[in-house]
Structure formats: C-alpha cells, structure tokens
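> This is the structure I want to talk about, given as structure tokens.
The values are calculated or read from the model by the stated rules, or taken from the named source; none is laboratory data. Remember, it's a predicted structure, so these values are computed and weren't measured experimentally. Cβ placement follows ideal geometry from the backbone for every residue including glycine, while neighbour counts extend to all protein chains displayed.
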Amino acid sequence: MYLGIDIGSSSSKVAILNARKELAATDVVNMGTGTAGPKAALENALRAAGAAREDIKYIVATGYGRINFGEADQQITEISCHAKGVSHLMKDVETVIDIGGQDAKVIKIGKDGKVKNFVMNEKCAAGTGRFLEVMARVLGCRIEELSDLAERSVHDIPISSVCTVFAESEVISRLASGAAREDVAKGAHNAIAKRIMGMCSRVGYEPLLAMTGGVALNRNMVKLMGIELGQPVIAAPYPQAVGAIGAAVFAYEKSERAAERAAEA
Amino acid sequence: MENKITSKQMLADLLDSHYRSALEAKAAGKIVAWATSICPQELLETLDIDVVYPENHAAAIGARKHASEFIEQAEGTGYSSDICSYARVNLGYADIRHSEAGDIPMPDLIFCCSNICNTVIKWYENLAKTLKIPLILFDMPFNHTFEIPEHSVAYMRGQIDHAICKLEEITKKRFDYDKFGEVMELSNQTCEWWKKATDLAKAEPSPLNGFDMFNYMAIIVCMRGKKEGREVFRLWHDELKEKADLGIGPWKDREEKYRVMWDGIACWPHLSVTYKTLKKYGINMVTSTYPESWNILYEKNDRNGMAAAYSANYANRNLDYGTGNVIKLVRDFRLDGIIYHSNRSCKLMDFRQYEVQRRIEAATGVPSVIFDGDQTDPRVFSEAQYETRIQALLEMMENNKAERQEQCKNSKRA
C-alpha cells in the first residue's frame, strides 16, 4: 500500500492507495502542523484501510508541515500533489482552484497530472479559508453554516476590502448600519470569488475547473466561483484530501518505478 | 613565493577603504556627497568629491541584520511602511548616524538621478531639506517608447551641463574637462569588465554563482569611476574565465543541475536562506537584470552619448524593452526557470512583474515562480513560503528535463 500525507496549517489529511492504485482510505483531522493531528490522521487512515504500518511501501509527505514529518520517503510540494490528485480523480480537469486554511492557489494541469503553471496568494490571508473563518466569527455562525446563510441572501452587498483585517471592520460596520447577516455572508463569498478570479486570469485558466481544499466543502462558494468565472466549477470528491491523494499517487508511482529499475538491474 | 590576491579579497579591501576614506575625507573637512546608484558619478569623480551610496549602505545594513532599528526610526518619524525600505533605512540612519554594520559620513551634497525610480526624488529632497544642504537632481522621466526619444537625451544633457556649473559653484573649483574625459573612459571600461565577467555565467556549468554577483555589485555601484573598480572586475573576469575553461562549476560540493534567473533586488536580510535553499537543490542563479543595469556605455567626451546612456538605464525603459531583454537572457544563459522577487519596496519592478512573467512564459515556455519579500525590511518574508515556491519550481524544471530527455531518446531511436 502507498500513503500520502498532507500536513497543512489547520488540518492533517491522509490517503492510502492499494496495490491496484485504488483509494483504500482517507482521513482528515482538523489539527495541522506542530500538533498531534498528523499522527492521528495516519492512525485513523491505517485503521480504515485495515492496514498496519509495515504494509505501507512508500510515503510521500506534502503541505507546509512536510519538512517536519520524519517518516516520509519523499517530500513533494502541495502544488504538484493537488495537480496529481485531481488528475487521478477527474481526468478532464485542466485547472484546479485550491483554497486551504492559509493559502489559495490556482494550478494549470498538463500531461499526466503535471503542473504546467500556478499562482499562489501573496503573504496574506485574503482569499483563503482563514478569511471565511474570520467572517463566520463576526457573523456569529459556525464555518459549516456560512454557506446556507449566504444562500438565503436577497440583496447584493459588496465587501470591497481584500485584506482580512479590513474586511472584518467593513463587515462589522455593514452589520452596524443594519445590513442583513445573509447578505453580508454572500458579500464575503463574492469577495473571495473575485480575488480567486484574478488569480485564475493570471494563470490563464482553461475548463474544466475543479475546486479542492476545505473551502470546496462550501457549496455556495463553489457555485459563486462558477458564476464569477462564467464556467462550470465542480467540487472535487474528498476535496480536503486531494493533496494527500496526489501524494499517495506519487508514492505509488515512485515505488513502482523503483521496482522496475530493480527488475531491469 | 608571491601570494596572488584574489578578486574576493580585493573586493573586501576596496569596500573597506571606500567607506574609510569617505569618513577620513569628511574628518578632513572635504565635501562628501550622497548619491543614487546609477547616477553620472563621472562629474563627482572629476572634481575629486568623495561619494557614498545610501542604497549600498542600506543593503549592507540589511544583510548584516541591522535594518529594523533604522526602519523603526523612519516609521516613527512618520514615513509610511509602504515606501522603499532602502529609503526608510537611510532616512533612519540620517537621524541615528551610527550602525554596527558600518558608518558613512553625513553628506554636504545630495546627488540624485531618477533613472532608477521615482521614490529617490522625494527621499533625496527630504534629506537635502532636513540637512540644509544643496541637492543636484537629474530628473529622468520614464521612457514609454522603445527607443530613447531625442527630447529625453537633450533634457538629460542640459541637466549634466547645469550640474557641472552647480558643482563648480559648490566646490569653488574649475571643472577639468581633460580629467572628465579620462574618468568617462575609465567608467566605461569598468562597465565593460563587469559585463564581460557576468557574461561568463553563460558557460555550462556556470563558473559563477549569482549570489557572488550580488556581492560584487557593491563595487560597480561604489567604484565605477575608479581604476581599482576596473581592476577588480578584470581580475574577477580572469578567475571566472579560468574556471569556465576548466569546466569548473559554481560550487565545490555540489553540481549545477538547474540554471535560473533572479528578477529583482536580493532579499538582503534573508540572503543566506534564499541562497542555501537554491543550492540544496542544485539550482544556480546564473543571471539577473543587474548585469544590464550597469551596462552604461558611451564614447569618451561624448556628453550626448552619456546623457542617452543614463536615460537608457534598464529600469527606465518600457515593458517591451524589459521583456525583450529577459527573453534574451533566457536564451543566452540557457535558463531552466525564473524566480521573481515580488519586492514590497520596489513598486517600479513589481508594477509590471505579472505582465513580464506572462509574456516571458508565452515566449519561452520557461517555468517561473513569484515569492514575496523585501530588499531590506526583514518582516516581509516567510521562509516556508519561499521554500514551497522554490520546490514547486524545481518540480516543474524536473518534469521539463525528463520530457526533454525522453524526446531525445525517442528521436535517437527513430
């Protein structure tokens, strides 16, 4: 079996592939690098796959915490792993929009799931999951409720600030002047969609587009992203685990290649 | 047996004596000027005026990790954190007047040429006003056309002539035009050797590690019109040539696997980590836009040619010129990738960076990454984000290399 682990800033994700390159298990723990999250996700996924640590032939680590994960055979960036993961799950996708806890990226996929080009957000939380977390807190709801709240919006309220800190004050002032929570929630979603749209244009996006990362669990965000782009955008299956799945596919390929080389020798 | 001095030793000695002699000149009551990095220093050299370059001093303070103190001072005085950090370091230094990283004498004259950016105009004006000293400003409007328009050259020529009169007044000396010719000739020779040396990085593997070029840059800034400046680049050239002829690469303990260009100024406070991250993957920065920036060439005694050369500085040229130059670098230096430093300080470079990147990628297909940083403000850089972007670039370069090798194998089979 082959294992990919994606250790992000706010969560740890593990995917395991079997010998036929099929997905045997995935697990997501909402604790990121520097916590017990990676170990817990690893144990959960092994249990779900009915596997022991010794059954794993190769491990690829990705995400910001990849460097500190000592058990990996190799580290590969989350950019390459997301491209690989998406192309494994959805053959026709050419552009990936990944919105995680602390960064957002748009990746153009080439042949065999290789990265053609990508752009990432600047050193700033604008257009990331953190932005939505802050908005949820100000709006007094859980992050999971934000999508439904925005869907009930009847008026468009633009949130013009791109900076998370400024957007927070803007939202507070909107609420104070009587705007509905639903409309402000939708405005926050649209602010992200516009921000990501700029990144898509820079990278030169092509259909089909898929969304990955925790923010892809937000149905309304995926829908608004599609409206902004004027193109259908689909949420990838297991959106949070796509990077880990890509890492597991790399683990499979690296291990196979090593075996081929050994056979040739 | 005679011990031959290396260019690296010479570089260190020269920089040391450059700053020491400026401090001594000041102590002896001589006029000291503060000047921008690509200004007509020929005029100052002709009149034997000691010059220090705040940009170079700020970079040195940044590289030695002392920038914060001066940045905080400038911001405390009211300068915005959005303005160039060289400006903030220098304006802070003008108040504090001492740094563990090394001192410069306070100026008696400000000499500013806006062919490198617009920030220098207000930065240097404020210095002159605060210190109550004369300012000689060369106003060099941006060249929006590909060629340098004649009116731009005439405007600069007029300013050079005017500056000569002003300098005669300030120094109470007659301007020696014969000596001026000699300084012009020498300055051109220094530029030629700088270009010839940095061009040797075209060899594969490159004998030059580009981070060394960042160090040698101090001399092209500070000693362009001096014999010692020319000699250090001639020696550096000879050393690199010898390495290139022997096929010796940039590092003793690592092979050059990939060749990249660095767009923008170095990230001085994080120089070591930005360098080591590249080296660990065998990525050698073989060139940047800097060799071209000091390619200031004109005929001896041709003041119109001199005016055109200063107006034509790389940073003062339009987008078509800038992209054409980078495309040429990609081809001439056989680059595998490009690293763009999105430098919070440098609005001029960042403003067009996305478009430059898009055009270069379309024209050459070479992969690239942009990372956030700053030339001297240590707060605007994340090591983990830099590492991820560099590793992603490496993965794209690896894929391209594997594809090229595959194609090569297939065509051999065919």
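> Please indicate, with yes or no, whether at least one residue in the stretch B:97-110 is closer than 28 Å to B:ASN318 by Cα and surrounded by 21 or more Cβ atoms within 10 Å (Cβ to Cβ).
yes
> Now, a different point. Of the numbered conditions (1) farther than 24 Å from A:LYS39 by Cα; (2) modelled with pLDDT under 90; (3) within 11 Å of chain B (Cβ to nearest Cβ), A:ALA125 fails exactly one; give the number of that condition.
Of the numbered conditions (1) farther than 24 Å from A:LYS39 by Cα; (2) modelled with pLDDT under 90; (3) within 11 Å of chain B (Cβ to nearest Cβ), the odd one out for A:ALA125 is (3).
> Among (1) surrounded by fewer than 16 Cβ atoms within 10 Å (Cβ to Cβ); (2) touching a helix residue (DSSP H, G or I) at 6+ places or on another chain (Cβ under 6 Å); (3) among the hydrophobic types (A, V, I, L, M, F, W, C), which single condition is B:PHE381 missing?
That leaves (1) as the condition not met.
This table checks each residue for (1) modelled with pLDDT of 90 or more; (2) over 15 Å from the mean Cα position of the chain (by Cα); (3) in a helix (DSSP H, G or I); (4) within 14 Å of another protein chain (Cβ to nearest Cβ).
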residue	(1), (2), (3), (4)
A:ARG137	yes, yes, yes, no
A:GLU145	yes, yes, yes, no
A:SER160	no, yes, no, no
A:ILE172	yes, yes, yes, no
A:GLU182	yes, yes, yes, no
A:ASN190	yes, yes, yes, no
A:CYS200	yes, yes, yes, yes
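> Output the number of residues of the stretch B:316-355 satisfying the condition of being within 14 Å of another protein chain (Cβ to nearest Cβ), in a helix (DSSP H, G or I) and either crowded, with 22+ Cβ neighbours inside 10 Å or of a type in the set (Ser, Thr, Tyr) (or both).
Of the residues in the stretch B:316-355, 1 are within 14 Å of another protein chain (Cβ to nearest Cβ), in a helix (DSSP H, G or I) and either crowded, with 22+ Cβ neighbours inside 10 Å or of a type in the set (Ser, Thr, Tyr) (or both).
> Same structure again: Kindly indicate whether any position in the stretch A:127-147 is under 24 Å from A:VAL86 (Cα atoms), out of contact with any helix residue (DSSP H, G or I) (no Cβ under 7 Å at 6 or more places or on another chain), crowded, with 16+ Cβ neighbours inside 10 Å and among the hydroxyl-bearing types (Ser, Thr, Tyr).
Within the stretch A:127-147, one or more residues are under 24 Å from A:VAL86 (Cα atoms), out of contact with any helix residue (DSSP H, G or I) (no Cβ under 7 Å at 6 or more places or on another chain), crowded, with 16+ Cβ neighbours inside 10 Å and among the hydroxyl-bearing types (Ser, Thr, Tyr).
> Go through the stretch A:222-238 and report how many residues are at pLDDT below 95 and within 12 Å of A:ILE99 (Cα to Cα).
0
> If I ask for residues that are out of contact with any Lys or Arg (no Cβ under 7 Å at 6 or more places or on another chain) and either crowded, with 16+ Cβ neighbours inside 10 Å or within 14 Å of another protein chain (Cβ to nearest Cβ) (or both), which ones from the stretch A:41-54 would you list?
A:LEU42, A:ASN44, A:ALA45, A:ALA49, A:ALA51, listed by residue number.
> Turning to a different aspect of this structure: Assess whether B:TYR310 counts as being of a type in the set (Phe, Trp, Tyr) and in a loop (DSSP other than H, G, I, E, B).
It is false that B:TYR310 is of a type in the set (Phe, Trp, Tyr) and in a loop (DSSP other than H, G, I, E, B).
> Based on what the data block shows, is B:ARG359 in a helix (DSSP H, G or I), farther than 20 Å from A:ASN121 by Cβ and out of contact with any helix residue (DSSP H, G or I) (no Cβ under 8 Å at 6 or more places or on another chain)?
When the stated conditions are applied, B:ARG359 does not pass them.
> Follow-up question, since we're still on this one. Would you confirm, using the coordinates I've provided, whether B:SER382 is facing chain A (nearest Cβ under 9 Å) and of a type in the set (Ser, Thr, Tyr)?
yes
> Considering only helices (runs of 4 or more DSSP H) fully contained in the stretch B:201-300, which possess at least 3 residues that are at negative phi, of a type in the set (Lys, Arg) and touching a residue at least 40 places away in the same chain (Cβ under 8 Å)?
B:227-245
> Within the bounds of the stretch A:11-33, is there any residue that is within 14 Å of another protein chain (Cβ to nearest Cβ), among the hydroxyl-bearing types (Ser, Thr, Tyr), surrounded by 24 or more Cβ atoms within 10 Å (Cβ to Cβ) and touching a Gly at 6+ places or on another chain (Cβ under 7 Å)?
no
> Considering only the stretch A:202-239, how many residues are over 19 Å from A:VAL115 (Cα atoms), assigned to a helix (DSSP H, G or I) and not small (Gly, Ala, Ser)?
The number of residues fulfilling the criteria is 12.
> Right, here's the next one. When the residues of the stretch A:75-92 are filtered to those that are free of Cβ contacts under 8 Å to residues at least 24 places away in the same chain and within 11 Å of chain B (Cβ to nearest Cβ), which remaining residue is farthest from A:GLN240 (Cα to Cα)?
Here the answer is A:GLN75.
> Just need a number here: residues in the stretch B:115-160 that are more than 23 Å from B:THR77 (Cβ to Cβ), in contact with a strand residue (DSSP E or B) (Cβ under 9 Å, 6 or more places away or on another chain) and not in a loop (DSSP other than H, G, I, E, B).
5
> State which residue is farthest from the other protein chains (Cβ to nearest Cβ) when the search covers only the stretch A:99-119 and only residues that are touching a helix residue (DSSP H, G or I) at 6+ places or on another chain (Cβ under 7 Å), free of Cβ contacts under 8 Å to residues at least 40 places away in the same chain and part of a strand (DSSP E or B).
A:ILE109
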